[in-house]
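The values are calculated or read from the model by the stated rules, or taken from the named source; none is laboratory data. Keep in mind that what you see is a predicted model, and the values were worked out from it rather than measured. Positions of Cβ are generated from backbone atoms using ideal geometry, with glycine treated the same way; all protein chains shown enter the neighbour counts. Just the protein is used for accessible areas: all its heavy atoms, side chains included, with ligands, DNA and RNA removed. Shrake-Rupley method; radii C 1.70, N 1.55, O 1.52, S 1.80 Å.
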Amino acid sequence: SIFGGMSRFLLLQGEAQWLWTETTNRFGAAIDGKVVKWTSADSSIVDITPDGVLVGRTAGVATVWARSDTAVTPLAVTVEPRRIVRVTVSPSSATLQAGSQTTLWGTAYDQKGNSVYGAALTWVSENPAIASVSTTGVVRGVASGTTTVWAKIEGVHGAATITVPAPPPPPPPST
């Protein structure tokens, strides 16, 4: 046995996962030093590197084969499209004076809870007259009030509350 009884594996499109393998004899005892050679029945769906890293290419199901001496073990790999299911914005709130700025950071997560590097978030201010936001998440206070800034992707969004306090009253006239 090579996969320890595992016969199915779920991978997301674009995801890479290292397969841990252990070659065992027919009694289940580990055999050290055995070289495992990998092949994919359809590398357009799932590819595998010589050291056992699976890479999901496109949605579908393909078999990956591990070979060591005379042992040949199949593993059915299902590759699913990666979907964004959650977006967080950090910090979740900020207070800015009019004319000052801060940067918000957005993180998108897939259905496995992995952060999605390079996710193209769209930034939107609910009320740009209070606080504007750039395409990179830089928020600038404009006028007093409270608004929400959204980071959006694929219909999923995260938010931060932005407060711009009223300017202080002018000093009393000197006499």
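Overview of values
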| item | result |
| --- | --- |
| Average accessible area per residue (Å²) across segment 39-173 - probe 1.4 Å, nucleic acids and ligands excluded | 54 |
| Cα-based Rg / Dmax (Å) for segment 88-175 | 15.9, 68 |
| Cα-only Debye scattering, the chain: base-10 log of I(q)/I(0) at q = 0.13 Å⁻¹ | -0.74 |
| Rounded percent of accessible protein surface that carbon and sulfur make up, the chain, 1.4 Å probe | 55 |
| Calculated FRET value between residue 69 and residue 112, using beta carbons and R₀ = 45 Å, to 0.05 | 0.85 |
| Taking the chain and dividing mean pair separation by its residue count, relative contact order in percent (alpha carbons under 8 Å, at least six apart) | 18 |
| Length gained when the stretch residue 156-residue 144 is fully extended (0.36 nm per residue, less Cα-Cα span) | 1.5 nm |
| Dipole of the chain, positive end: most advanced residue of 145, 98, 117 [Cβ charges, Cα centre] | 145 |
| For residue 116, residues with placed amide H under 5 Å, excluding near neighbours | 108, 109, 110 |
| Share antiparallel - DSSP beta bridges, the chain, percent rounded to 5 | 85 |
| Approximate spin-label separation residue 10-residue 26, in nm, with each point projected 7 Å along Cα-to-Cβ | 3.6 |
| Test item: Cα-centred dipole of the chain, Lys/Arg +1 and Asp/Glu -1 on Cβ, debye | 120 |
